[in-house]
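The values are calculated or read from the model by the stated rules, or taken from the named source; none is laboratory data. Here the structure is a predicted model, which means the values were calculated and not measured. Positions of Cβ are generated from backbone atoms using ideal geometry, with glycine treated the same way; all protein chains shown enter the neighbour counts. The protein model used for the area step is the full one, side chains on, heavy atoms only, and it has no ligands, DNA or RNA in it. Shrake-Rupley method; radii C 1.70, N 1.55, O 1.52, S 1.80 Å.
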Amino acid sequence: MTSVTQRPDPPYRRIVAEFRTRILAGDLRPGDRVPSIRQIAQRWGVAVATATKVVAALRDEGLVEAKVGAGTVVSARASREERPAVPPAARQAGVPKGSLNRRHVLRTAIAIADAEGLGAVSMRRLAAELGAGPMSLYRHVTGKDELVTQMADEVFGEAELPVPGPEGWRAKLELVARLQWELSRRHLWLPRAVSFTRPLLVPNMMAHTEWTLRALDELELPLETRVREALTLPALVHTVALSMAEEAEAEQETGVTLDGWWLIQRKRADELLSTGQFPLLAMLPQETVSDLDGMFDYILARHLDGFAVMLSRGAALPGCGQVPETGPRRLP
């Protein structure tokens, strides 16, 4: 009779278990900030890559979430009733060979990108998370480029586009923009996966563009003008969303929140503002700069205001945007 030596859990799993216990015991409550990746690496004496896996596993379990301005915090959903009983990675490791399907592959890749960013997604990493051979993934996607394209399309499919939608072109455009904003908040990597010069020809993303074009039907605009608006609107969304993604990445990499960064910069800012050269900037509330939701609301409202003015002046001709003469017109 031979004895089997049980291999100890990897270091990251032990750290995850410690966090899980503290969260379920109430030592860490929803909204409480958890240590950054760098802090975890230092406190537990592990590599940054191991600390990254800790945060990713906690996010996969729904125990923590990234929050701009606060870093990684305990999720409001972190309860016994709402948290999955078994971590997703553990469930995936037991997937029988040949039972993988396309959606399973995509949702796992999306979970990796949500937790660690798009750069962490690779065919090898995805195969490891799924407990499958890397070559088995090529039955579902041809490589990383197609994988990212399909991930973005899967995410766009999360938003339900109402038919016919609210009354009026403005309400419709605001609705689709806010749906895309929420998708970008939920999946911070999404703006980096979208191109406006080389659009992704996939059904869910194309459905958003088609819906936006139909939202402008009542205006009887030239198709070129409608297409430009259907591209401009998501471009505005993604511009602000990129700032949100960059801030979340900076917080994760440095362990310094946006509020903490401003505190560090306070001395330098005070020196510059006390010179009297920038009296208006001296009166600027810090929260105005860091409020990306407020920034998005402002940009969206001003864009729609401008579009309404264009319509009122009849300046919706393709390729020009010229305002017709307002004085008396001379008959030929």
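Things to note:
- Verdict on T239 being hydroxyl-bearing (S, T, Y), closer than 27 Å to S36 by Cβ and open to solvent by 40 Å² or more (accessible area, probe 1.4 Å): yes
- Residue satisfying condition, being out of contact with any Leu (no Cβ under 6 Å at 6 or more places or on another chain), assigned to a loop (DSSP other than H, G, I, E, B) and either open to solvent by less than 10 Å² (accessible area, probe 1.4 Å) or not acidic (D, E) (or both), within set L161, L106: L161
- Qualifying residue in region 111-128 (condition: part of a loop (DSSP other than H, G, I, E, B), surrounded by fewer than 18 Cβ atoms within 10 Å (Cβ to Cβ) and modelled with pLDDT of 85 or more): yes
- Tally of residues being surrounded by fewer than 16 Cβ atoms within 10 Å (Cβ to Cβ) and part of a helix (DSSP H, G or I) across region 129-138: 4
- Residue match in region 205-221 (condition: modelled with pLDDT of 75 or more, exposed (fewer than 14 other Cβ atoms within 10 Å of the Cβ), within 30 Å of T149 (Cα to Cα) and of a type in the set (D, E, K, R)): yes
- Filter pass, A111 being hydrophobic (A, V, I, L, M, F, W, C) and either closer than 22 Å to H208 by Cα or out of contact with any Ser or Thr (no Cβ under 8 Å at 6 or more places or on another chain) (or both): yes
- Subset of region 285-305 that is part of a helix (DSSP H, G or I) and modelled with pLDDT under 75 - its residue that is nearest to W181 (Cα to Cα): S290
- Odd one out for V64, checked against (1) at pLDDT below 80; (2) of a type outside the set (S, T, Y); (3) within 30 Å of R29 (Cα to Cα): (1)
- Pairs where the first residue, in region 277-298, is more than 19 Å from I264 (Cβ to Cβ) and the second is modelled with pLDDT under 65 and assigned to a helix (DSSP H, G or I), C-beta under 9 Å, 6+ apart: G294/E287; G294/T288; M295/T288; M295/V289
- Candidates V148, V141, V155: the one that is in contact with a helix residue (DSSP H, G or I) (Cβ under 8 Å, 6 or more places away or on another chain), open to solvent by less than 40 Å² (accessible area, probe 1.4 Å), closer than 15 Å to R103 by Cβ and in a helix (DSSP H, G or I) is V155.
- The number of residues in region 174-190 being part of a helix (DSSP H, G or I), hydrophobic (A, V, I, L, M, F, W, C) and surrounded by 22 or more Cβ atoms within 10 Å (Cβ to Cβ) comes to 3.
- The lone criterion from (1) surrounded by fewer than 16 Cβ atoms within 10 Å (Cβ to Cβ); (2) in a helix (DSSP H, G or I) left unmet by P199 is number (2).
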